[in-house]
Amino acid sequence: MKQLQTLSPGESIQFNAGQAGKYLIIREASHSLMLRGDTLRPTEIGRGDTVDITRFDELELFNHQAEPVTVEYQVADIPISTKSQNIDINNSVTISEILTPITVSAVQAEVKTRIQNDTLTVKKLAELYTLQKVDTGYLDLTGDEQSIAGNEERKGLFIQTYQDNDRSVLVQGFIEVVAGGHVLIKSNEAITLEGVAGNGVRIGEFI
């Protein structure tokens with residue numbers, strides 16, 4: 001038979017385990033309790049727990065909390081697996097996370113709510129880009145000013161000079177890129193290059 005008790009702080013329930021049954025089943029509990037016995041180390045148990053008590057004679061449920069605890073328990077001859085409950089004896093519900101939007105169309109009774117986080121923050125994820133070659137990905141320099149065509153979808157242009165270049169390459173007329181160096185230009189406009197004939201660069205763009 002189910003038993004419903006409210007234990008004040010420091011109060012306990014004692015029962016003869018061997019004669020009452022084989023399993024102690026905690027069906028409901030507003031908080032955890034301590035299970036103690038003659039040959040049992042104090043063990044904290046809570047709602048939904050089932051304990052084999054066949055090896056013990058005297059047992060007690062002890063309220064070690066600083067507030068009253070209401071517990072519904074049962075001693076039975078067979079183990080009973082209780083389903084996980086979302087609502088406890090006090091009819092309170094704890095919500096830690098809402099994964100999808102919810103809509104409440106009607107409330108039958110007054111509902112008391114408490115929101116711990118009063119500040120909501122929205123974090124924007126970093127934008128991801130694809131790096132791809134411009135044309136063949138290579139450009140041989142002629143000694144004259146050359147240009148890389150603009151691209152409205154471009155977020156940035158990556159230019160890397162050949163390791164074996166004889167001289168530096170001038171980008172946009174003022175950015176000097178030494179042999180084996182590189183530069184990232186965040187622009188979708190046309191970019192000018194100037195370098196020694198026979199030298200070259202690798203070109204890629206972020207889309």
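Rule-based calculations on the coordinates, nothing more; no lab input. No experiment lies behind these values; they were computed from the predicted model shown. So basically every Cβ, Gly included, is an ideal-geometry build from the backbone, and we count neighbours across all protein chains shown.
Add -39500 (n - 2.57) for each DSSP H run of 4 or more in the chain, then divide by its residues: what number comes out at 222 nm, to the nearest 500 deg cm²/dmol? Counting only the DSSP helices, I get -500 deg cm²/dmol.
Using the Cβ of Y162 as centre and a radius below 10 Å, the other residues enclosed give a net charge of -2, where K and R count +1 and D and E count -1.
If you wrap a convex hull around the Cα atoms of region 118-176, how much volume per residue is inside, in Å³? Please list the in-between numbers first.
Values: hull volume 9.7 nm³, N = 59.
About 164 Å³ per residue, rounded to a whole number.
Across the chain, the fraction of Cα-Cα pairs farther apart than 32 Å, rounded to a whole number, is 57%. Partners of K155 within straight-line reach, counting lysines whose Cα lies under 17 Å from its Cα and excluding those fewer than 8 residues away in the same chain: K133, K186. Here the ratio of the Cα radius of gyration of region 2-79 to 2.2 N^0.38 Å is 0.98.
Taking the Cβ of Q5 as the centre, find all other residues whose Cβ is under 10 Å away and add up their charges (Lys, Arg: +1; Asp, Glu: -1).
Values: positive: none; negative: E11, E72.
That works out to -2.
Report note on the peptides 132-140, 154-162, 33-41: ranked by the mean count of other C-beta atoms within 10 Å, highest first, their order is 154-162, 33-41, 132-140.
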